[in-house]
Structure formats: C-alpha cells, structure tokens
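Below: one structure, written as structure tokens.
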Amino acid sequence: MTSEFDDEQMQLLRRLPAVRAVTRTRIYYTREFRDEFLRRSAAGHSPTSIFRAFGLDPQVIGAKRIERCADRWRREAERETAGQNGGHTHPTSLMKAADVQYPLAGALLNYRERIVRLEREVDELRRMVRDLQRQQEQSAQSAQAQEASQPPQEAPQQ
C-alpha cells in the first residue's frame with residue numbers, strides 16, 4: 001500500500017456509500033459510516049471486517065488507515081459520551097450513542113452495502129458478457145477465415 005491513491009483507486013472509493021470524499025492522500029468517511037462502525041465495533045466486530053463489509057479493501061486503503069480511524073473514532077465517541085454522561089463512560093455507550101443519533105443508519109448502510117455488492121455483480125456480469133461476445137466474434141472470424149482458405153467445392157455433375 002502506498003501513501004497515495006491512484007486515479008482508479010480514487011474512483012473506486014468515491015463510489016462507496018461509506019466515503020464522503022477522496023483526495024490523493026486522504027479518505028473522508030460519512031458520519032453514518034462512522035456511527036455504524038462504532039456500533040459494530042462495540043458489538044465485537046473487528047475494524048478490518050467492518051471496513052471490508054462496506055467495500056473498503058484493506059489492500060487498497062491500508063491497514064494503518066483502518067487502525068488510525070478506529071482509534072480516532074473511538075476516542076471521539078468516548079469524549080462525546082463522557083460529556084453526555086457527566087464524565088462517565090459506560091462500555092456500551094459507544095453503541096448507544098450511535099443508535100440514538102442515527103437510528104436508521106444501520107439499516108440504510110446494510111441496504112447500501114447490498115447495493116454496492118449487487119453493482120459489483122452487475123459489473124462482473126457485464127464483463128463476462130463482453131468476453132463471451134468477443135469470443136463469439138473471434139470464433140466467427142476464425143470460421144470465415146477457414147472457409148475463405150479452402151478451395152471452392154464444385155457442384156456434383158449429373
């Protein structure tokens with residue numbers, strides 16, 4: 001993983017619902033993704049598995065970025081919930097804070113996750129169709145070339 005994203009990686013990341021914006025060196029995530037991350041993290045999911053579930057491949061964005069986001073978001077959530085609870089942070093407060101602020105965020109992100117997966121499947125099927133069309137064209141051209149290279153057959157005499 002390099003520290004900069006190439007054009008293809010940036011384009012891929014921009015299409016993801018969890019990503020608000022991308023530059024050569026930074027990814028800006030949506031608030032909904034951050035809150036869903038905190039909810040799932042509090043439920044015991046690993047940061048990498050959460051990012052993967054939203055199409056954020058660690059090979060592309062890098063494990064260090066995931067680790068830093070997870071730490072930063074957890075610290076921010078602890079500060080937010082500590083302020084709401086008079087300075088005391090309850091272990092499940094991270095999950096509760098996200099659920100209170102965005103009760104439908106989890107459901108929306110699940111649908112978005114499904115849409116992203118289905119869009120990938122459609123893209124793959126389109127690639128397969130193009131490949132099959134190419135193969136069919138090549139077979140037709142090959143058959144035409146074989147026909148052209150064979151001497152014409154004479155009609156049987158009666």
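The values are calculated or read from the model by the stated rules, or taken from the named source; none is laboratory data. It should be emphasised that the depicted structure is a prediction, and the values quoted were computed from it without experimental measurement. As a convention, Cβ positions derive from the backbone with ideal geometry for all residues, glycine included, and neighbour counts pool all protein chains shown.
Spot the failing condition for Q136; the list is (1) polar (S, T, N, Q); (2) exposed (fewer than 10 other Cβ atoms within 10 Å of the Cβ); (3) at pLDDT 85 or above, and only one is missed. So Q136 meets the others, but not (2). Residue count for the stretch 42-57, restricted to those that are assigned to a helix (DSSP H, G or I) and either closer than 13 Å to L13 by Cβ or among the aliphatic types (A, V, I, L, M) (or both): 4.
Residues in the stretch 24-65 that are touching a residue at least 12 places away in the same chain (Cβ under 8 Å) and among the polar types (S, T, N, Q): T25, T30, S41, T48, Q59.
Condition test on R34, is it of a type in the set (D, E, K, R) and over 13 Å from the mean Cα position of the chain (by Cα)? Criteria met by R34.
The residue that is nearest to A77 (Cα to Cα), counting only those in the stretch 1-31 that are part of a loop (DSSP other than H, G, I, E, B) and hydrophobic (A, V, I, L, M, F, W, C), is A18. Can you name every residue in the stretch 15-41 that is over 16 Å from R112 (Cβ atoms) and of a type in the set (S, T, N, Q)? Of everything in the stretch 15-41, those that are over 16 Å from R112 (Cβ atoms) and of a type in the set (S, T, N, Q) turn out to be T23, T25, S41.
Selection of the stretch 1-13 for residues being surrounded by fewer than 13 Cβ atoms within 10 Å (Cβ to Cβ), closer than 13 Å to I61 by Cβ and modelled with pLDDT of 90 or more yields E4, D6. Does A21 satisfy the condition of being modelled with pLDDT under 90 and either touching a Gly at 6+ places or on another chain (Cβ under 6 Å) or farther than 16 Å from Y111 by Cα (or both)? The answer is no for A21.
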